[in-house]
Amino acid sequence: MNDQYIVAGFGQCSLDYLTFVDEFPVEDKKCEVSPWVIEGGGPVATALVVLSRLGVKTRFMGVTADDEAGQKIRDGLIREGVDISHMHTQKGGSSQTACILINKKTAARTILWSRDLNGSCVIGEKFLDGVAALHLDGLMEEASIQAALMAKSRGIPVMLDAGSVRSKTHELLPLCSYVVCSEEFSKKYASRHEETLLKLTTLGVKLASVTLGSRGSLTMIDGKVHHHSAYDIRAVDTTGAGDVFHGGCLYGILNNWPHDKIIGFATAIAAMKCLKAGGRAAVPHSLEEINRFLGGR
């Protein structure tokens with residue numbers, strides 16, 4: 001892979017507070033929890049961290065407020081080697097934060113999040129200079145469409161982390177070369193997952209997948225739907241597994257791997273992520289780590 005490749009990402013960034021619970025707290029009760037794990041999060045931001053740890057140059061654009069959480073978000077990305085020179089810092093308001101409750105027994109998580117960011121993002125031309133791929137989550141719809149249009153005009157492929165169906169999703173999807181969507185997205189987009197994949201490929205999407213958590217994923221390859229099983233691991237926390245999966249897909253796309261290999265690689269690093277609490281703590285720092293994980297399977 002050309003080490004000069006840059007992957008740009010535009011979307012959410014968050015400061016996550018994670019803790020473990022025996023069960024979801026009932027109303028009007030007190031609940032003692034484990035010590036908090038505090039780290040950066042957000043779909044696009046975390047996907048870029050995956051790539052950065054694997055040696056890919058990355059560039060992020062998102063919005064934070066000029067508050068303590070925003071500073072911690074930015075500092076976390078800088079430590080990971082992500083270029084944040086295009087980020088926007090809004091005066092006032094509050095950066096995106098999330099309280100994440102992780103079920104000790106099942107590793108499933110419940111996310112409570114908020115943000116008070118009213119500023120709009122303007123995608124400058126320099127943001128896409130030298131970029132080999134653009135990654136979006138579609139939350140800031142107008143700016144996401146603007147970024148995708150700019151990328152398409154330059155021949156830059158766009159990957160979409162489709163977590164939710166939004167009001168302008170139908171405008172964004174035809175601008176994307178790669179779409180990996182959540183089960184929730186698929187259920188709202190079509191009557192069956194297979195129909196979701198067919199609709200996406202009909203739009204011109206080259207790689208279309210639906211992630212299904214512990215049930216693996218479905219991917220349309222050469223006109224047929226293929227199921228890829230998840231790894232049988234003792235998961236600690238599933239927070240960010242989908243974000244990491246996207247990072248793995250982007251790495252495979254940059255290397256021009258066949259689709260089956262891309263999904264297998266993404267599945268492996270998503271599984272590795274689930275071995276520790278937090279969306280980034282267990283993300284591998286090298287291909288050697290991933291190969292050791294695969295060698296033990």
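The combined condition, being of a type in the set (Asp, Glu), farther than 20 Å from Phe10 by Cβ and crowded, with 19+ Cβ neighbours inside 10 Å, is fulfilled by Glu39. In the set (1) out of contact with any Lys or Arg (no Cβ under 8 Å at 6 or more places or on another chain); (2) within 18 Å of His135 (Cβ to Cβ); (3) surrounded by fewer than 24 Cβ atoms within 10 Å (Cβ to Cβ); (4) of a type in the set (Phe, Trp, Tyr), Phe10 fails one condition alone, (3). When the stretch 4-30 is limited to residues that are touching a Gly at 6+ places or on another chain (Cβ under 8 Å) and part of a loop (DSSP other than H, G, I, E, B), the one that is farthest from Ser95 (Cα to Cα) turns out to be Gln4. For Ile145, the test of being on the phi < 0 side of the Ramachandran plot, in contact (Cβ under 8 Å) with a residue 40 or more places away in the chain and of a type in the set (Val, Ile, Thr) is failed.
Check the stretch 67-86 and report whether any residue there is touching a Gly at 6+ places or on another chain (Cβ under 6 Å), buried (at least 17 other Cβ atoms within 10 Å of the Cβ) and part of a strand (DSSP E or B).
no
A single member of Thr267, Thr239, Thr219 is assigned to a helix (DSSP H, G or I) and either crowded, with 24+ Cβ neighbours inside 10 Å or not small (Gly, Ala, Ser) (or both), and it is Thr267. Within the stretch 87-113, being assigned to a loop (DSSP other than H, G, I, E, B), under 20 Å from Arg59 (Cβ atoms) and either of a type in the set (Ser, Thr, Tyr) or touching a Leu at 6+ places or on another chain (Cβ under 7 Å) (or both) holds for no residue.
The numbers here are math on the coordinates, done by the rules we state, and not lab data. These numbers were taken from a predicted model, which means no experiment stands behind them. For neighbour counting, all protein chains shown are included, and Cβ atoms are generated from backbone atoms with ideal geometry for every residue, glycine included.
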